[in-house]
Structures are given as structure tokens and as C-alpha cells.
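The values are calculated or read from the model by the stated rules, or taken from the named source; none is laboratory data. These numbers come from a predicted model, not from an experiment. Cβ atoms come from the backbone with ideal geometry, glycine included; neighbour counts cover every protein chain shown. SASA here: full protein model, heavy atoms, side chains in, ligands and nucleic acids out. Shrake-Rupley method; radii C 1.70, N 1.55, O 1.52, S 1.80 Å.
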Amino acid sequence: MSEESEASELKSFVLDALADLGAVVSTSDGLEWVQAPEALQRSLEVPAHFALTFEPDRGGEFEAELVVPGSYFLEKLLALATRRGRWDAARFPVSGTEWISIALAESGLEMANGAGAAVQEIREELLVLFTLRVTLVSDEKRESFHHVVVSQADGSTWPVDWSLAAQELIPGPNSLPPNLEASYRAATATLRALTREDVARFRTRSLGLLEEEVGRIFGYFDTTMKQMREADAEGSQDLLHAVAAERDRRLTEALERFDPKAEASLCAIRAVSVPTARVRLAVPDGTAADVKVDAWSHRVRGLVCPVCGATEGPWRPSAANGLQCARCAATSTDSARLPRRPRSDTPRRGKRAGRAPVRSSRGSKGRLRAASEAHRGP
């Protein structure tokens, strides 16, 4: 990673952290000027208005605080962010290798026990856990928290539940992980995919309520203005204009109230150093698959369903497709089929000329009726 990229990520982290702590940051003459609230002034031991620089040769200009790895200001900011829960570094301790077979079995890869799986290597990997809050606002406000893990080794991402995110771990070295900005972008992209359906449903509901409210407003005021004209055709136009103005005000309020908005905010970052195994699996179609599995989240990485392209298990072995996701396995041709109905020993009735034989038993009619109703749906 280049020094320029590291400086850019450091600057992005520091400015985001200051904004999260309530500061107002602006750029002027190549320096970052910070207006700090009183609580932040006390915590960082800074004045109400001060300058920051990330360039060593500009340190001291306008008494600017120099922000580089190991600087006093950065260490104070990291300590403050850690106390607020924004930043944390930890290690996941584990002994033995039993966790490998357990993680594989949890993903449906029971075949990996024994000769079906060969551990190639185990090494430490840095995973970054992002805790993000999604806020949906319309006539009501909904909030949800999501936890997304990003691998610093291969850039893969996956969601984890709250119990894993809140797990107590051993404190690790408190330093910024590399590629932090790229990891954050990957986490937000995963968050958008995870919340796409919920956001779409919320938007559809809000726009439906907006349409109803706009229709109600137009119906009420149009009727009112019509009655006013019928009662006094030569009446005051000023009164009609006033009613129309009130209608427009109500419409504006409805648009503001029901207009759906969605936003995401970063709540916390945790860097977790965890043992990760690289395992070679023997696939039923005769090939081999190399996967990664970590001891903390038990996520199996490296598999792609050949049917739908999914990268998340559980997985099912398939003689035709190797390993495929459980959803596709449930509907694939490899799934168990109902046995054919045994041939009847009862002689078939003779055919009438020009017509196919028709079964007219009551049971057949009942099944046809039920199938028709099921096809039509409720």
C-alpha cells in the first residue's frame, strides 16, 4: 500500500471521527479547520477553534496539530473513539483445530470430515467488523442495526448477527487497519444489498400513503371550493384564493411527511485478528475446491453455487454440479423424486372411436378442482 493511500485513509478516518464527535470541519489553505464543542475540547485538550495538517512539512503553521501515526493528537483521538465504542481492536483466541470441522459441518459440508477435507494452512487474518445503523423516515421512523465483516485478505464481505458482534474478545494492538476506506466502501455496498428489499417495501408503503393523503386533500378542498362557487357564484375571489392556498400548504406538508428517506451511519469499527484455515475439499463431481474458514465467524468462503451464483451456504453435495447452495439443491434434478405409480393390473377400458378415454371418477374431479383452485390462488 502506498504512503499516499495510507495518508488518505488516515485523513478520512480522522475527519469522520471528529464529525461523529460533534465537531465542524472545513478546509482552507490546505489545512483542516476544526470547531470543537466544549466536551471535545476537554477530551482532546484543544481550543474551540484549531487547525489540523496531515503533512509533516506544514506542522506548526497557524499552530496546526500534526496528525501522523503515533502523534499525540491521533493517540488522544483513538482513545476517545475507543471509549465511545467507535473503534476497537481485538484478538480471537482459539486452541486446537476442531473448529475447522465444526465450521464446515455448520455450513452443510459434513462430507468434509475425514479424508474429504485437507487443511492446507492456518494463519492469522485481520477481519474488520462494521456496525452500521439504517434509518428509514417517512410518517414513521424505523431504525435497524447491521453488522458486516470485511476480510482484509481477500476483500470478501458477509453479515453477522448481534451475538457475534458483541462477543467479548482479547484486546489487540490499537492501530488502524490497512485499506480501511476500501473496506468501508465494501461494507456499505453489502449493506445496500442486505436492506434493498426492506427499503423498497418501506418506500412503496410511504408512497401509497402519500397518494391516499393527496387524494383526500384534493377531494376535501375541491368539494369545498365547488360548494362555495355554487352558493355564491359572484362571491369573493379572495376567499377562494385563501382556500386554494391552504390546500397547497396541506399538500406541501403531506409531501414532507410521507416522502420516504433512507440513510445509513457508521456506529463502530472493530478489527479482529483471527485464525483462518485454508482447506481443500473433495467435491462429489471428482474435482476439488479450496475454501477459507475462520475460527470466529465460521464463515466458509470460496464456494460459488454453479446454478445461481450464490456465495453463501448452507451447501449440499451434488453428483452433477459438485457443491451447490441448499436452495438450488432443493429444486434441482438431483433432488429425490417421487416414485412412478406402479402399473395397474386392471385391464383398461376400450377406446371409443375418435375419442380418448376419460376418467370421470369423483376422486379425479376433486383433485382437478383442488388443483384449479390452488392455481388461481387465494
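Observations on the model:
- Estimated inter-spin distance, W33 and A105, nm [label 7 Å along Cα→Cβ]: 6.4 nm
- Split the accessible area of segment 266-319 by element, probe 1.4 Å, and carbon with sulfur accounts for 51%.
- The modelled label-to-label distance between D154 and L169, using points 7 Å beyond Cα along the C-beta direction, is 1.9 nm.
- Size descriptors for segment 78-230 (Cα atoms only): Rg and Dmax, in that order, 24.9, 90 Å.
- Amide H contacts of Q324 (H built 1.01 Å from N, in plane; Pro and chain starts excluded): R316, S318 sit under 5 Å, all sequence-distant by 5 or more or on other chains.
- 3J(HN,Hα) couplings calculated from phi for segment 272-283 with the Karplus curve 6.51 cos²θ - 1.76 cosθ + 1.60 (θ = phi - 60°) are, in sequence order, 10, 8, 9, x, 10, 9, 9, 10, 9, 9, 8, 8 Hz; Gly and Pro show x.
- Cβ-derived FRET efficiency at R0 45 Å, A118 paired with C267, nearest 0.05: 0.65
- Distance distribution note for segment 225-301: the fraction of Cα pairs above 20 angstrom is 70%.
- A Förster distance of 30 Å, applied to the separation of the beta-carbon atoms of A330 and D20, puts the FRET efficiency at 0.10.
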